[in-house]
Amino acid sequence: MPTVRRFGGAVAGSAALASAGVASGQQPLLAAAVIPLAFVLVGALSGTPEAAGSVRVDRRMGPPSPMPGETVRVTLTVENPTDRALPDVRVVDGVPDAVTVFEGSPRAALSLRAGESATVSYSVIARRGEYAFDPPRVRLRNASATGYDTAAVDAGGDVRLSCEVGVDAVPLHEQTTGFTGQLPTDTGGSGVEFYGTREYRTGDPPSRIDWRQLAKSGSLTTVDYRRQQAARTVVVVDAREPCDLAPAEGYPTGVDLGVYAAARLVGTLADADHQVGVAAVEDAGLGETVSWVEPSSGPELRARAERLFSDVLESPASDRGVADGSGVPGDGDAVADLRRRLSGSTQLLIVSPVLDGYPVEAVRTLAAHGHELTLVSPDVTGYDSTGKRIAALERRTRLAEVRDAGVPVVDWHPDEPLTLALADATEAMR
């Protein structure tokens with residue numbers, strides 16, 4: 001926007017007062033005309049600096065790889081690199097429409113001496129995906145506030161907010177396939193971690209003979225190492241309409257957090273050479289339907305899983321039916337569909353906010369058919385209203401029912417790093 005100068009009205013008013021003072025000979029009127037006129041003249045002589053060349057802006061965001069729902073601190077450093085003072089600096093950061101400001105304000109009014117800088121800080125709520133910030137808008141006014149200049153100033157530092165990271169620990173049961181992997185077992189064999197020794201048997205490889213024991217006692221013994229096998233695991237995301245709720249406007253929903261947790265789980269399991277599959281349970285008419293990615297490994301698995309997650313997030317909430325709180329499977333029984341697809345050695349990681357009774361019944365049914373399960377439950381309930389407190393109590397009751405069925409539960413609140421929640425569950429299972 002070009003510089004705008006507002007001298008006309010002030011000059012005309014001062015001229016009128018001056019004319020009246022001269023005509024009447026009254027000094028008060030003459031003084032009343034001279035003072036504002038002098039003020040306007042000072043502003044005119046001082047000029048209005050150009051915003052684009054008079055201010056530098058640097059933006060920093062942290063933490064650098066937040067999870068959805070986590071608070072991200074945004075700090076703008078506004079600097080005056082010129083040799084003149086900037087008495088009135090207005091700054092508005094370019095926050096993306098999809099990102100909610102949680103605390104503070106991206107707007108500020110500053111006064112900067114030559115070479116001085118100041119900071120503006122506010123917090124936003126991270127959401128899964130990548131969001132680009134627009135350049136901050138800067139407006140400079142002159143000393144008399146009679147003119148200003150506005151421009152978008154490119155910010156240095158961070159320009160994107162991204163929520164895409166992996167996990168370090170996944171709670172797996174000792175239900176494995178015959179493939180070699182990174183899951184320790186309680187049986188001896190070939191591997192890398194010492195397990196024990198036993199008497200030599202014909203056919204044992206020479207590399208596993210305890211030669212020191214042979215030299216010391218003359219007896220042949222064989223060293224066993226802890227066997228490591230690959231688990232065949234399916235990560236199941238509960239993406240039904242009752243899960244598509246958030247604790248407050250602008251926060252991630254249970255589906256958002258569920259997809260985020262599932263993506264991290266799939267990535268970590270694939271990195272550990274496990275056979276990984278993905279399933280998403282969504283509404284379909286009166287029942288539920290299952291989107292399915294067959295357990296496998298490698299880059300193709302990651303690509304197929306990412307497509308499934310993207311489809312889930314892009315599916316309109318209106319396509320997922322209406323939540324009635326009953327939690328009873330409808331005509332399209334997703335649990336029966338899952339059972340038909342699963343082999344006996346497959347274990348399940350079920351990700352659900354457990355906002356109704358459906359996941360509890362699904363877990364019980366799958367566990368009764370011999371599948372090892374772990375429930376990862378993002379908490380999207382709140383406590384700032386009676387209704388939210390009731391929903392939180394009902395969720396805790398359902399989680400207790402799942403634990404009573406012998407199924408481990410990872411109760412994850414978005415304020416807590418998912419990695420820590422999974423590590424705690426892994427340690428408890430071991």
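Residue pairs whose Cβ atoms lie under 6 Å apart, separated by 6 or more positions or on different chains, with the first residue in segment 149-172 and hydrophobic (A, V, I, L, M, F, W, C) and the second assigned to a loop (DSSP other than H, G, I, E, B) and modelled with pLDDT under 90, are CYS163/PRO66; CYS163/PRO68; CYS163/ALA126; CYS163/ARG128; VAL165/SER65; LEU172/ALA231. Taking the criterion of being part of a strand (DSSP E or B) and under 26 Å from GLY250 (Cα atoms), the residues of segment 376-425 that qualify are VAL376, SER377, PRO378, VAL410, ASP411, TRP412. Residue count for segment 109-159 satisfying the condition of being touching a Gly at 6+ places or on another chain (Cβ under 7 Å), part of a strand (DSSP E or B) and aliphatic (A, V, I, L, M): 1. Residues that are assigned to a helix (DSSP H, G or I) and touching a helix residue (DSSP H, G or I) at 6+ places or on another chain (Cβ under 8 Å) are absent from segment 272-291.
Considering only residues of segment 90-116 that are hydroxyl-bearing (Ser, Thr, Tyr) and over 21 Å from ALA145 (Cα atoms), which is modelled with the highest pLDDT? Ranking the qualifying residues of segment 90-116, first place goes to SER105. Per the conditions (1) surrounded by fewer than 19 Cβ atoms within 10 Å (Cβ to Cβ); (2) modelled with pLDDT of 90 or more; (3) closer than 13 Å to THR374 by Cα, the sole criterion not satisfied by VAL402 is (1). All of (1) touching a Cys at 6+ places or on another chain (Cβ under 6 Å); (2) closer than 18 Å to ASP154 by Cα hold for PRO68 with one exception: (2). If the condition is being surrounded by fewer than 18 Cβ atoms within 10 Å (Cβ to Cβ) and assigned to a strand (DSSP E or B), then segment 93-103 contributes GLY94, THR100, VAL101, PHE102, GLU103.
The values are calculated or read from the model by the stated rules, or taken from the named source; none is laboratory data. Model, not experiment: these values are computed from the prediction. FYI the Cβ positions are ideal-geometry reconstructions off the backbone, even for glycines, and counts take in every protein chain you see.
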